[in-house]
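As C-alpha cells, the structure follows; a few thoughts come after it.
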Amino acid sequence: MVYYPPRMRFGAFIAPFHAVEENPTLTIRRDMRLVEWLEENDFDEAWIGEHHSAGFENISSPELFIAGVAERTKKIRLGTGVNSLSYHQPLILADRIVQLDHQTGGRIIFGAGPGQLPSDAHMLGIDPRNQRRMMNESLECIVDLLEGKTVNRETDWFKLRDARLHVLPYQTPRMEMSVACAVTPTGPTTAGRLGLGMLSLAASTPIGFNALGDHWGVHEEAARKNGLTVSRANWRVVVTMHLSETREQARKDMEYGIMDIVKYVRKVSGKFSDDARVAKVTGPSDVVDLLTSDGIGTFGVALVGTPEDAIAHIEKLQKQSGGFGTFLFLAHNCANFEATKHSYELFARRVMPHFQNSNANRAKSLDWAHANSSTVYEGIVQATQNAIADYEKEKSSAT
C-alpha cells in the first residue's frame with residue numbers, strides 16, 4: 001500500500017551548482033532570489049548545502065546563507081542541506097543551529113550528513129573512511145543537546161565535558177531533523193535509530209531509485225529496535241528536474257548551461273571517473289540526451305519535460321518508495337535564471353495542486369454546475385424576463 005500525504009510538501013535542494021567562471025557574489029545573490037521566488041510560488045522548503053572545495057558548489061556556510069535569506073522571506077522553511085558533521089565541533093554547531101531557529105521563528109530544519117566531497121575531508125586531515133562513524137558520534141550528541149540534555153563524551157576527534165545548550169531551540173518538543181541518505185543503509189539506519197527523518201539525495205540515480213523501498217524498511221526497523229516510531233511524512237526525496245510547456249522547450253532550456261555540469265563531473269572525478277560516456281559527449285544536446293537516459297554521476301537521470309511528465313514521475317517515485325512526504329527539486333542551474341524560475345512557477349501552477357488535492361472541489365463544483373445547469377439557470381432566465389417585462393410595463397404607464 002502506497003502512502004499518500006494529505007498535502008505533499010515541495011521545495012528545492014540548493015547545493016548549489018555554479019560554473020567557476022561566474023561571479024561568486026552574484027551567484028549567492030541569485031540563490032537568495034531563488035528562495036524568495038520559491039516562497040512567492042508557495043513552495044514549502046529550501047535546503048542549502050555546505051562545501052569547501054572544488055569551486056562549483058560555492059556556499060560554505062548554510063547557516064550564514066539562511067540567516068541572510070530568512071530576512072527576505074516570511075514562511076518558507078529553511079534546511080541545512082546538509083551540515084557536514086565531521087567538520088564541526090558538535091556543541092558549537094548545535095549552538096549556531098539553535099540561534100538560527102530563534103532568528104527564523106522556528107523555520108529551521110537541521111540536515112545532517114558525513115560530508116560529500118573527498119577534497120573537503122582531505123584539507124581538514126580527515127580520513128573519508130571515518131566520516132560516517134564521525135557523523136554518528138556527532139549526531140548522537142547534537143540530538144541530546146537539542147533536547148536539553150547534558151552530554152559527556154570523548155572521541156578521537158572531539159571532547160564534550162558537562163556540555164549543554166544555554167538556550168534551547170525555538171521549536172518544541174523537538175526541532176525537525178533529517179539525515180542525508182544516498183545508496184548505503186548507513187543514513188536510513190542512523191535516522192531510524194535516532195527517530196529522525198530521511199533526506200534521500202540519490203533518488204535520480206538508478207541505484208538510488210532502486211534502493212528507495214529498501215531504505216524505508218531499514219529506517220523503520222532501526223526505529224522499532226530503539227523503541228521509536230518514524231513517519232513517511234518526514235521523508236524527503238530529491239530529484240533532478242526541469243519543466244517547460246513542451247519537452248522540446250525544456251530540453252532547449254537545459255542546453256544553456258549543461259556543459260558546465262559536464263566540466264564539473266570531469267574535473268571533480270578525475271582519473272576515478274568511471275563514466276566513459278561523459279568523456280565522449282561533445283555538445284549540449286548530447287549531454288541532455290545522456291542526462292535524460294542513462295544519467296550523469298550524482299545528478300542521476302533528469303526529468304526534462306512538461307508538468308504532465310512531472311506528475312507521472314512523482315507517482316512513479318511514490319510507488320517505488322512506498323510513499324514520502326516531501327518532493328525536492330535539485331537546483332542544477334543548467335537553465336538560465338528566467339527559465340529556471342519559469343520551471344518552478346509551472347510546477348507550482350500545474351503539478352503541486354495534483355498532489356495537494358487543491359482542485360478536487362473546484363472540479364466537482366464545476367461538474368455539479370453543469371449537471372444542474374437547467375435547474376440553476378431557469379431561475380436566472382425567468383428573473384431576467386420578469387425584469388424586462390416590469391420595465392416595459394413601467395414605460396407604458398409613464399406614457
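What follows draws every value from the coordinates through simple rules; no lab data is involved. As the structure is a prediction and not an experimental result, all values here were calculated from the model. Positions of Cβ are generated from backbone atoms using ideal geometry, with glycine treated the same way; all protein chains shown enter the neighbour counts.
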Rough spin-label spacing in nm, given labels placed 7 Å along Cα→Cβ, for Q356 and R133: 4.6 nm
For every helix of n ≥ 4 consecutive DSSP H residues, a contribution of -39,500 (n - 2.57) applies; sum these over the chain, divide by its total residues, and give [θ] at 222 nm rounded to the nearest 500 deg cm²/dmol. -15500 deg cm²/dmol
Selection of trypsin sites (Lys or Arg not before Pro), region 1-107, meeting DSSP coil and at most 14 other Cβ within 10 Å: R7, R72, K74, K75
Can you figure out the FRET efficiency of A233 with A369, using R₀ = 30 Å and their beta-carbon distance, to the nearest 0.05? 0.30
Provide the convex hull volume over Cα atoms per residue for region 254-399, in Å³. 193 Å³
Just need the relative contact order of the chain here, percent rounded to a whole number, with Cα pairs under 8 Å and 6+ apart. 18 percent
Taking each pair of distinct Cα atoms in region 186-266 once, what is the resulting Kirkwood hydrodynamic radius in Å? 14.8 Å
Cut-off 10 angstrom, C-alpha nodes, Gaussian network model of the chain. Which of T25, T73, T298 fluctuates the most? T25
Eligible lysines near K280 by straight Cα distance, threshold 23 Å, same-chain separation 8 or greater: K252, K263, K267, K271
Net lengthening on full extension, E147/E36 (0.36 nm per residue, minus Cα-Cα): 36.9 nm
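Could you calculate the FRET efficiency of S285 with S53 from 1/(1 + (r/R0)^6), where r is the beta carbon distance between them and R0 is 35 Å, rounded to 0.05?
Calculated transfer efficiency: 0.65.
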Cα long-axis angle, helix 307-321 against the chain (0 to 90 degrees, to the nearest 10): 50 degrees
Options F65, M8, I92, ranked by Cα towards positive dipole end of the chain, top entry (Cβ charges): I92
Nearest-ten-degree value, helix 24-40 long axis tilted from longest Cα axis of the chain: 40 degrees
Cα-based helix-to-principal-axis angle, 206-225 vs the chain, degrees rounded to 10: 80 degrees
Here, R29 and Y391, labelled 7 Å along Cα→Cβ, have an inter-label distance in nm of 5.9 nm
Seen from all sides and averaged, what is the projected area of the convex hull of the Cα atoms in the chain, in nm²? 27.6 nm²
